[in-house]
1. If each of B:ALA191 and A:TYR192 carries a label point 7 Å out from its Cα toward its Cβ, how far apart are those two points in nm?
2. Return P(r) of region A:65-289 (all Cα-Cα pairs; 10 Å bins starting at 0; whole %; ordered from short to long distances).
3. So if each residue of separation counts as 0.36 nm, and I subtract the Cα-Cα distance between A:LEU158 and A:VAL257, what length gain in nm does that give?
4. Placing +1 at every Lys and Arg Cβ and -1 at every Asp and Glu Cβ, with all other atoms neutral, what dipole size does chain A have around its Cα centre, in debye to the nearest 20?
5. Run the quick spin-label model on A:ARG102 and B:VAL26: label points 7 Å from Cα toward the beta carbon, then report their separation in nm to one decimal.
6. Mind counting lysine pairs for me in chain B? Cα separation below 30 Å, and the two need to be 8 or more apart along the chain or on different chains.
7. How would B:PHE15, A:PHE261, B:PHE29 line up from fewest to most surrounding beta-carbon atoms within 10 angstrom?
8. Rounded, prolate or oblate for region B:81-289? Axes are the square roots of the Cα gyration tensor eigenvalues, ordered a ≥ b ≥ c, and the cut-off for rounded is a/c under 1.5.
Amino acid sequence: MSGKNRLSNYFKPYLFLLPALCFVGLFLVYPAVNTFVISFAQWNGISKPLWIGLGNFANMVQDPAFWVAFKNTVFWVVGSLLIPVLLGLIAALLISMLPGERVLKVMLFLPYALSGVVIAIMWSYMYSLHGAFNAILKLVGLGQIVKPWLQTVPANTLAMIITYGWRMTGTNMVLFSIGMQAIPEEPLEAAYIEGASSWQTMTKVILPMMASTTAVVVVMAIINGLNAFDIVWVMTQGGPYRSSATLAVNMYREAFVVFKFGLGAANAVVLSLLVLGAAVFYLRVIFRRTKIGE
Amino acid sequence: MLGIKKGKLRLIEAFVFLIVILWLIVWLFPLWNVLVSSTKTVKGYLGSRPWFFALDGNPIRQFYENVLRGLQGSQRGNGIGPAFTNSMIYGVVAVVASIFSSALAAYALVCLPIKGRFVYFVILFSGTIFPLQVYLIPLFTLFQRTGLYDTKLALLLVYTAICIPFCVFLLRNWYLDVPIEIFEASKIDGASELQTFLHIFVPLSRPPFVTLFLFQFTWVWNDFIFGITFARSRITRPIMALLAGLQNMYSNVGIPAVLASTIVASLPTVILLIAFRNHFFKGLAVQYGGSSK
């Protein structure tokens, strides 16, 4: 074999990697690194960037709007743990006891196919002053608490978290029921023979064996809560007066409404660090189950 | 599952059934509300109960009119019709491109002699971790500088790239379970690496290809933030970006037409979900748990 041929044989395998690496490198890795760099600059996207060190971060933490968004993001994280994760677990347990499991599952899972925008539009009309939500409140005799929910602080954040819960409960239910199906028969039979009640079986056998599923679902809920954007942007744009913004919404506003790219990038960096912190755990699970294949 | 003894706990079963039925009624109410509202005139919408049809006209005809108004938009030409086509193009082209380039990469990472293959895998996989916000500013300026801003090509490139990490992840897991003998035998028969990939690995990958297509098509179709950031005009905007604009206060198509449009915009993904629900369940299991089956 000639030297040239051997050389081309050496590089050939890398050609298979090239398309994917180009796409990911140019459109994902480069922008992520670049955002980090831009976060140290004052820049409107047109003029020359002015390097100001940590100035953007200093401005950010001195801005009360940042802390409002931070607090709301914490609410989103807590809310997306309490509502869709807990309800998803309960739904998975209840549905497993019933005939017609599949039909019920698909019905609860249906919102997964709907986009954040579609869901946000549906629910923002329901929450409006003359919408379905208030009509139901009047019907059940709670007419005195009727209000335009999305214009009221802090009810608007709660209302949006409920919307999000409606969207994600089915997804979490599916994940929990996949986890439940993976439980081997023997411990369940043993519990049955020992005469354990169904409550005991559930708390002592089923739930502990679903610990790893639960862990991943919880971490993903935290990450999704941190990233809350679509629903907020469509339902309130973070208003009124930035009262319902999240970190992701603030980032978008700084960058693409007032065109402070440096400040927007700083927001993106802070958000990324929070998400990465939560993701470390998720990655450990994923990589533990992924063969290295060397 | 819970070891319920037959006969003894019928009552509990009936009780659970009741709870689940009530739950479903609450859960499906928003969908019912949208469906009913989209059969009303603007006047009917304001004047009737949100849980029932307005009785001032023919609901089916009114629904049809609302759908048309949503597709065509008001006089300002803000209908979702063109955006529906755009998103079809984005969804199909970008997802096929990303599945194909990911399959090539996954095949190379598993079967071909590559030094530091795990590093390449981590680089390719890294794109699933960051919040989307981290990509926006550099891509926006890149597209502005290269004249790609507000073109279909820009969105196709971004959508292709964002789908690759998960595709590589799933396909690599799939190929790791393919017996190495298949690869060796094909090599002995004198097939090149590319021929082995095209004639053996691609046919073997049908199940993950289907799962990936459904998953990533749904992702691209439902994307909002890339759409509003990189596309501005009607000929490029994807469906969700346009739908959000249809709802805002400057639009005057009326609430029932907006809601009818949300139904139209959700049809493709809802149909896919119902038809291929098991693929969706499988895909979720992989995404969240890392198992390949």
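Read-outs throughout are calculated quantities, based only on the coordinates presented, and are distinct from any laboratory measurement. Fair warning: this is a prediction, and the values are worked out from it, not measured in the lab. Methodologically, a virtual Cβ is constructed for each residue, glycine included, from the backbone with ideal geometry; neighbour enumeration extends over all protein chains shown.
1. Between B:ALA191 and A:TYR192, the simple spin-label model gives 4.7 nm.
2. Bins of 10 Å from zero give 8, 27, 31, 21, 11, 3, 0 percent of pairs.
3. Values: separation 99, 0.36 × 99 = 35.64 nm, distance 2.51 nm.
Contour length minus the Cα-Cα distance gives 33.1 nm.
4. Values: 18 positive and 9 negative charges, 162 e Å.
Charge dipole of chain A: 780 debye, to the nearest 20.
5. About 2.8 nm separates the two model spin labels.
6. Details: B:LYS115/B:LYS187; B:LYS115/B:LYS293; B:LYS187/B:LYS293; B:LYS282/B:LYS293.
Final tally of qualifying lysine pairs is 4.
7. On the way: B:PHE15 11, A:PHE261 27, B:PHE29 17.
Lowest count first: B:PHE15, B:PHE29, A:PHE261.
8. Working: a/c = 2.56, a/b = 1.83, b/c = 1.40.
Note, shape of region B:81-289 comes out prolate.
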